[in-house]
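The values are calculated or read from the model by the stated rules, or taken from the named source; none is laboratory data. What you are looking at is a predicted structure, and each value in this text was computed from that prediction instead of being measured. All Cβ positions, glycine included, derive from the backbone under ideal geometry; neighbour counts span all protein chains shown.
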Amino acid sequence: MKKLVFCLLFSLLLSNAYGQFDVNYDEDKVPEFKLSDPLKSFNGSKIRNTKKWEKKRRPELMDFFSKNIYGEVPGQLAISSVEILEESAEAINGKAIRKQVELFFEKENKQIHFTILLYLPKQLTPAPIFVAYNFYGNHTIVNDVNIIISEAWAKNNPSFGIINNQLTEQSRGARSDRWPVEKIIDAGFGLAVIYYCEVDPDKDDFSDGVHPLFYVDDQQQPAEDEWGAISAWAWGLSRSMDYFETDDAVDASKVIVFGHSRLGKTSLWAGASDRRFAGVISNNSGCGGAALSKRRFGETVWRINRSFPHWFCKNFKNYSKNENALPLDQHELIACIAPRPVYIASAEEDLWADPKGEFLAALYATPVFELYGKKGIEHTIMPPVNQAIHNTLAYHIRTGKHNVTDYDWDQYLKWAEMFIK
C-alpha cells in the first residue's frame, strides 16, 4: 500500500514538473469565451462580400497571425541551385517515377539545402501531388534502399536506431504505415516529402537551419515578431512550390499541402501564407493549428510556449494563460485559406489535440467559405466517428489515437478527387 501511494505521489510530482498537472480534459471546465466574428473587422465593420474580405479583413488577420503567432519571414531568398540526386522510372512496383531533388539556398556565405523525395504516377503527367514534411527522414516513408538518408540533426529515438542525433539505416521504412505511397499513386496523385529538420532543426536553438541566413549584424535570435520554427518550415514548403513550378511532371496548380501534429500546424500556416497551394490538410494539429486556443482544452498556448518555445514567435508568449486577449482565433486562420479546399481531421482518443476545438474551428470558419459560394460545415453537432464530411471545408473524427492512418488517407484521396483533381 505504501509503495502504491509513493508511486502515485511520484507520478503527480512528475506530471507537475512537465506542466501536465492541470491539463483539462473536462468539457465542463472549459472557460467561458467569446469568439471573434471572421466577418467583422477589428474596428467593428461588417464584411459583406469577398471584395471587402480580400481587401480589409483577410489582410488584417494575416498581419496579426504573422506578427503575433507564427512570426514574419524577415526577407526573401530564392533557390540558388537544384541538383537531381537520383531518379528511377521503376519505383513502387513499376508504377511510379522516383526522384530525389536537392534545393540549395545561399546568402552572405551561409548555405542550407534540403532534399525532396518525389513519387509521380507514370500514367499521369503532369500529376497533382501531396507535399508534406516527415519527422524522421525521407528514408522512413518507404522501405527502399535507394532513398538517401539525411545527415541532418535528428531527435534521438532508440526504437528507430537514432542515437547521437543521427539518422541511421535501422529506421528505413519505419514510418511506412503513415505513407500509403502505392495507394496514392494508384489514385492518380504524386507524393513529395521533405525531412523537416533539414529546413530547421526542431530544437530551441536558432543557430542553425534557415534562420541564420537572415540575421543582420550580430543577431543571434529572431526578433519578437520574427519567425519561429513553424513559420520557417512553412517557408520551406513554399520553396518546394517554387521548384514544382519548374518541374513539367508536376501540376503546380494542384499541389495539396499536408501535415500531421506540429506539421499540421505548419500546413495550415503554409496554406494561408502561400496561395499557390491548391488545398490544405491538417491532421491532428491541435493548439496553434486547427484547435481553438480559447478553449484551453488539452494542449494550450502556455504549454506549447513552455515546452516548445521555438515553434512560434516570441510575441505569442503574450497570450500564455491569456488567450482571451487574442483578438482572433484559429477558425480565422482556416478562413484565410478560403475559398481553397481545407480538410481538418481529428482522432477520438487524441484529446491533447482537442478534437471538439478542431471541429468548432472548422464550423466557425464556414461563413467565409460560404461568402465564396463554397460549402463548409453545415451542422453544429460533431459528426459520428468515421463519418467524414466531404465539402470544400471538410472534417472527420476517426477512432484511434494521435497518428496518420489508412482511414485518414482514404478520406483525403476521396476529397482530393472531388475538389482538387
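Below, the figures for the structure above:
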{"quantity": "Residue in segment 104-128 that is nearest to Phe277 (Cα to Cα), counting only those that are out of contact with any Phe, Trp or Tyr (no Cβ under 6 Å at 6 or more places or on another chain) and among the aliphatic types (A, V, I, L, M)", "calculated": "Ala127"}
{"quantity": "Verdict on Asp204 being out of contact with any Ser or Thr (no Cβ under 8 Å at 6 or more places or on another chain) and of a type in the set (Asp, Glu)", "calculated": "yes"}
{"quantity": "Unique match (being modelled with pLDDT of 95 or more, part of a helix (DSSP H, G or I) and under 21 Å from Ala232 (Cα atoms)) among Asn324, Asn315", "calculated": "Asn315"}
{"quantity": "Which listed residue, of Ile149, Ile184, is in contact (Cβ under 8 Å) with a residue 12 or more places away in the chain and not in a loop (DSSP other than H, G, I, E, B)", "calculated": "Ile184"}
{"quantity": "Tally of residues being buried (at least 19 other Cβ atoms within 10 Å of the Cβ) and in a helix (DSSP H, G or I) across segment 60-81", "calculated": "6"}
{"quantity": "Of residues in segment 353-408 being of a type in the set (Phe, Trp, Tyr) and not in a loop (DSSP other than H, G, I, E, B), the one surrounded by the fewest Cβ atoms within 10 Å (Cβ to Cβ)", "calculated": "Tyr407"}
{"quantity": "Matching residues, segment 268-299, being under 16 Å from Leu393 (Cβ atoms), assigned to a strand (DSSP E or B) and hydrophobic (A, V, I, L, M, F, W, C)", "calculated": "Val280, Ile281, Ala291"}
{"quantity": "Test: residue in segment 83-94 that is in a strand (DSSP E or B), surrounded by 13 or more Cβ atoms within 10 Å (Cβ to Cβ) and within 26 Å of the chain's Cα centre (by Cα)", "calculated": "no"}
{"quantity": "Which listed residue is part of a loop (DSSP other than H, G, I, E, B) and either out of contact with any Phe, Trp or Tyr (no Cβ under 9 Å at 6 or more places or on another chain) or farther than 18 Å from Pro201 by Cα (or both), from Asp217, Asp251", "calculated": "Asp217"}
{"quantity": "Answer residue from segment 304-352, given it is closer than 18 Å to His396 by Cα and out of contact with any strand residue (DSSP E or B) (no Cβ under 7 Å at 6 or more places or on another chain) and is surrounded by the fewest Cβ atoms within 10 Å (Cβ to Cβ) among those", "calculated": "Glu349"}
